[in-house]
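Peer 1: Starting off with a structure, shown below.
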Amino acid sequence: MPELPEVETIRRQLEPRIRGARIERLEVLDPRWTRPAEPREVESQVSGRTIEALRRRGKYLLLDLEGGTTLIMHLRMTGNLILLEEGAQVVAVDEDEPGADDRYLRARFDLGDGRELRFSDPRRFGEAFLLPSAGVDARFEGRVGIEPLSGELTVEAIEALAAGRRAPLKSFLLDQAGIAGVGNIYADEALWRAELHPLSPAGSMRSEHAEALWEGVIGALRAGLEGGGASIGDYLDSRGERGSMQDEFLVHRREGEPCPRCGQEIRRIVVSGRSTYFCPGCQVRLRRRPRRKGRGRPVS
């Protein structure tokens, strides 16, 4: 599933190119893309509107339209959002990676100037829904947490989120209601950078561990952005090109290879149903901190 660096790469590429463009027509080709809303209803509310901005919230893309309406899109596992210039075509990267070719097209935005914005999705898990722009924040409240690259994520914020949590650190990072946008890839990379074992209870961290995790999360996400995202599945950027972050992984998908820090063999385990890669040599497994016993009543 595309994570924050992949979704933000798409946003940064598209936003200056489509801001101010008028959507002459939205054509929904797969009713699953808008369910439970009817495709014709979404088409009628989007067609003819001007794009005012393209934002991101966690792993979601938010297309702000004139008139106070926002189309919210999620790429899920295999979605792509690609801008085609006039006369251009998108074809499969290869037979094993269907990418964004016409076989998997779910929706088409005609921008009226010869360009098309296309949402394709081989596995059909991607979605889109409309909200009044004023209600977007309320929709995400309690569901999508702190934006890690906005300055809101601090060591103190991580400590507050982790306090009392028994869940493993890997699960803690995957919880979108806590820190938004971190998924399987960047959780592994962040924990390796922080030298913390993925099975360590989140509430076992002390301040120095929370600081290391903060640095790990920020460092991993920034590396992903610099690489234009990771293409280890169907992910393509808005130009239909692959990212390069997969070539820079420090631990993710490196099972059996030597750790780049200590040389021990990288291992794979399953945490919260997700393949998890770590180094048993230098990623320290913290133990749950014992509860403080309450003070007894004073003797009268």
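The values are calculated or read from the model by the stated rules, or taken from the named source; none is laboratory data. Computed from a prediction, not measured in an experiment: that's the story for all the values here. Reconstructed Cβ throughout: ideal geometry from the backbone, glycine too, with neighbour counts over all protein chains shown.
Peer 1: Please pick out the residue among Leu213, Leu250 that is within 16 Å of Leu173 (Cα to Cα), surrounded by 13 or more Cβ atoms within 10 Å (Cβ to Cβ) and modelled with pLDDT of 95 or more. Even if it seems obvious, please write down each step before you answer.
Peer 2: Working: Leu250 fails: within 16 Å of Leu173 (Cα to Cα).
Unique residue meeting the criteria: Leu213.
Peer 1: Out of (1) over 18 Å from Leu191 (Cα atoms); (2) not assigned by TED's automatic domain parsing to the domain that holds Thr70, what's the single condition that is false for Ser133?
Peer 2: The number of the failed condition is (2).
Peer 1: How many of the residues in the range 69-88 are under 15 Å from Ile23 (Cβ atoms) and not hydrophobic (A, V, I, L, M, F, W, C)?
Peer 2: Selection size over the range 69-88: 2.
Peer 1: Being touching a residue at least 24 places away in the same chain (Cβ under 8 Å), at positive phi and of a type in the set (Lys, Arg), is that true of even one residue in the range 219-226? Don't jump to the end; show me each part of the working.
Peer 2: Taking the range 219-226 as the starting set, the residues that turn out to be touching a residue at least 24 places away in the same chain (Cβ under 8 Å) are 219-225.
Imposing the further condition that a residue be at positive phi reduces the set to none.
No, every residue in the range 219-226 fails to be touching a residue at least 24 places away in the same chain (Cβ under 8 Å), at positive phi and of a type in the set (Lys, Arg).
Peer 1: Could you please find all residues in the range 52-75 being touching a strand residue (DSSP E or B) at 6+ places or on another chain (Cβ under 8 Å) and over 30 Å from Gly178 (Cα atoms)?
Peer 2: Hit for the range 52-75 is Glu66, nothing else.
Peer 1: While we're here: Across the range 269-284, what is the total count of residues that are surrounded by fewer than 20 Cβ atoms within 10 Å (Cβ to Cβ) and part of a loop (DSSP other than H, G, I, E, B)?
Peer 2: Matching residues across the range 269-284 total 5.
Peer 1: Just give me the residues in the range 31-51 being under 24 Å from the mean Cα position of the chain (by Cα) and surrounded by 17 or more Cβ atoms within 10 Å (Cβ to Cβ), in sequence order.
Peer 2: Trp33, Thr34, Ile51 - these are the residues of the range 31-51 that are under 24 Å from the mean Cα position of the chain (by Cα) and surrounded by 17 or more Cβ atoms within 10 Å (Cβ to Cβ).
Peer 1: A further question follows. Considering only residues that are touching a Lys or Arg at 6+ places or on another chain (Cβ under 8 Å) and charged (D, E, K, R), which ones fall in the range 243-284?
Peer 2: Glu255, Arg274
Peer 1: Which residues, taken from the range 137-155, are in a helix (DSSP H, G or I), exposed (fewer than 12 other Cβ atoms within 10 Å of the Cβ) and either within 17 Å of the chain's Cα centre (by Cα) or not small (Gly, Ala, Ser) (or both)?
Peer 2: Let us first name the residues in the range 137-155 that are in a helix (DSSP H, G or I), namely 137-140, 155.
Going one step further and asking which of them are exposed (fewer than 12 other Cβ atoms within 10 Å of the Cβ), we end up with 137-138.
Matches in the range 137-155: Asp137 only.
Peer 1: Okay, moving on. Show the residue pairs meeting these rules: Cβ distance below 7 Å; 6+ apart or different chains; first residue within the range 24-50 and assigned by TED's automatic domain parsing to the domain that holds Leu130; second residue crowded, with 18+ Cβ neighbours inside 10 Å and polar (S, T, N, Q).
Peer 2: Val28/Thr34; Val42/Thr34
Peer 1: Which residue is farthest from the chain's Cα centre (by Cα), if the candidates are limited to the range 253-268 and must be surrounded by 15 or more Cβ atoms within 10 Å (Cβ to Cβ) and either in a strand (DSSP E or B) or at pLDDT below 95 (or both)? Break it down into steps so the answer makes sense when it comes.
Peer 2: Within the range 253-268, the subset surrounded by 15 or more Cβ atoms within 10 Å (Cβ to Cβ) is 253-254, 259, 261, 266-268.
Adding the requirement that they be either in a strand (DSSP E or B) or at pLDDT below 95 (or both) leaves 267-268.
Working: Arg267: 24, Arg268: 22 Å.
Across the range 253-268, the extreme among qualifying residues is Arg267.
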